[in-house]
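Values in this text are rule-based calculations from the coordinates and carry no lab data. Everything numeric here is computed off the predicted structure, so don't read it as measured data. Cβ coordinates were reconstructed from backbone atoms using ideal geometry, including for glycine residues, and neighbour counts include every protein chain displayed.
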Amino acid sequence: MNLIDKLESGGRLSYEEGVALYELDLFTLGHYANLKRRQRHGNKAFFNINRHINPTNICKDICKFCAFSANRKNPNPYTMSHDEILTILENSVQNKGITEVHIVSAHNPDTGLEWYLEIFSKVKARFPSLHVKALTAAEINFLSEQYGLSVDDIIVKMIEYGVDSMPGGGAEIFDEEVRAYICKGKVSSQGWLDIHQKWHEKGKQSNATMLFGHVEKREHRIDHMIRLRELQDKTGGFNAFIPLVYQRENNYLHVEDFLSSTEILKTYAISRLMCDNIAHIKAYWATSTINLALVALEYGADDLDGTIEAEAIQSAAGASSAKGLSLETFLELIETSNFTPVQRDSLYNEIKTY
Ligand code: V47
């Protein structure tokens, strides 16, 4: 069967077919991705009202792509106090109506599991209905190795102290050779997948990311998507797949070439087609720019993440996401792109259609 016949039939695509999808022209690829997206989500563009908090940038690891952690290029270490975090949230809940806090940090040897559990329980005590999305599989792996704790114990405690879902960070690229080059010492690919599997087996949901546009090849992206698809077949626990566009500034990777918008849109479209069992494809606007994220809604993506309010990881590497976007701007941009803005909660229950 040729590739177009396969796309017409809607059957599951193999690794070889996934790689071949990149050879199609953008419009053809977009046509099929858009069909799948509209079958599932119609004209909806999902977003949430959320706040990102990055409590510390002190990190024992050195990922070459990272401009966020305090190091020679960014000698600016900080660790927020619990009171600081609560004050930020007080303001965000009261003035912005956030429904989610997304807490992601560096691997700081001075903020152990107790430090996190304490802040999770304080957040839940003060804001019981706020969804806490926190601790990537990379952070869980770090806490496990640093303090000799089992992943199971950490996960049980996260749930006990108020974590509702896990973010998708730390996946980077699963190919072991590329991974060793860009983020040696970080959780292994299988380790990342195992931690998400354990989390799903507790009846909990999570997201999955992929960092692309650095030294990886198209083949590595397809391999990454298939490894996620295989785990999703087993557990069904992933809500969203989030291809993150690599930002090039202030880091140690020194990538000269940057991705064309065509390659980025193709990657969103292929994500929709390959990850046929993951409901949501998120065009995280902090890495793709808001304008390209809006176009990506025509190429398989259905979700834009959220208003964010403050963002430190991608903006440190050159993205213009440091201050997030206001709800008004967000809604206007979605509407003028001819999509229906749907505010969702963190598990994609619909809160309000505009
Ligand atoms: O894993 C680090 C990425 C991730 C760079 O789950 C970079 O809803 C681009 O995972 N260029 C953390 N990306 C952020 C993350 C995330 C973001 C939004 C939503 C969700 C979700 C998760 O940030 C890391 C890493 O892949 N990152 N440096 C960079 N230079």
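Some notes on this structure:
- 3J(HN,Hα) couplings calculated from phi for region 200-209 with the Karplus curve 6.51 cos²θ - 1.76 cosθ + 1.60 (θ = phi - 60°) are, in sequence order, 5, 5, 8, x, 9, 10, 8, 10, 9, 10 Hz; Gly and Pro show x.
- Listed residues GLY324, GLY42, GLY11, most fluctuating in the chain (Gaussian network, C-alpha, under 10 Å): GLY11
- Fluctuation leader among ALA180, ALA316, ALA296 - the chain, Gaussian network, Cα springs under 10 angstrom: ALA180
- Legend: calculated FRET efficiency, GLU328 to SER9, from the Cβ-Cβ distance at R0 = 41 Å, rounded to 0.05, equals 0.40.
- Euclidean distance of C-alpha centroids, region 15-60 and region 63-135, integer Å: 26 Å
- The protection proxy used here, the mean number of other Cβ atoms lying within 10 Å of each residue, ranks peptides 77-87, 135-145 as follows, highest first: 135-145, 77-87.
- Nearest-ten-degree value, helix 113-126 long axis tilted from longest Cα axis of the chain: 80 degrees
- Ellipticity estimate at 222 nm from DSSP helix runs (n ≥ 4, -39,500 (n - 2.57)) divided over the chain, nearest 500: -13000 deg cm²/dmol
- Neighbour net charge for ASP83 - beta-carbon separation under 13 angstrom, K R +1, D E -1: -1
- Local charge for GLY10 was computed over the other residues whose Cβ lies under 10 Å away, with Lys and Arg +1 and Asp and Glu -1, and equals +1.
- Relative to the 2.2 N^0.38 Å rule of thumb, the chain has a C-alpha radius of gyration ratio of 0.94.
- Amide hydrogen proximity for ILE58: with H placed 1.01 Å from N in the peptide plane, the residues at 5 or more positions away or on another chain lying under 5 Å are ALA70, TYR78, ALA106.
- With 28 Å as the limit, the listed pairs LYS204/LYS266; LYS204/LYS323; LYS282/LYS323; LYS36/LYS157 have LYS204/LYS266; LYS204/LYS323; LYS36/LYS157 beyond it between alpha carbons.
- The C-alpha atoms of the chain define a longest principal axis, and helix 261-274 lies at about 90 degrees to it.
- Packing-based exposure ordering (other Cβ within 10 Å, fewest first) of VAL93, VAL187, VAL132: VAL93, VAL132, VAL187
- The order of the peptides 343-350, 216-223 by mean Cβ neighbours within 10 Å, most packed first, is 216-223, 343-350.
- In order through region 73-82: 3J(HN,Hα) via Karplus (6.51 cos²θ - 1.76 cosθ + 1.60), integer Hz, x for Gly, Pro: 7, 9, x, 9, x, 8, 9, 6, 7, 4
- Considering only the chain, percent of DSSP beta bridges that pair antiparallel, nearest 5: 15 percent
- Cα long-axis angle, helix 327-336 against the chain (0 to 90 degrees, to the nearest 10): 0 degrees
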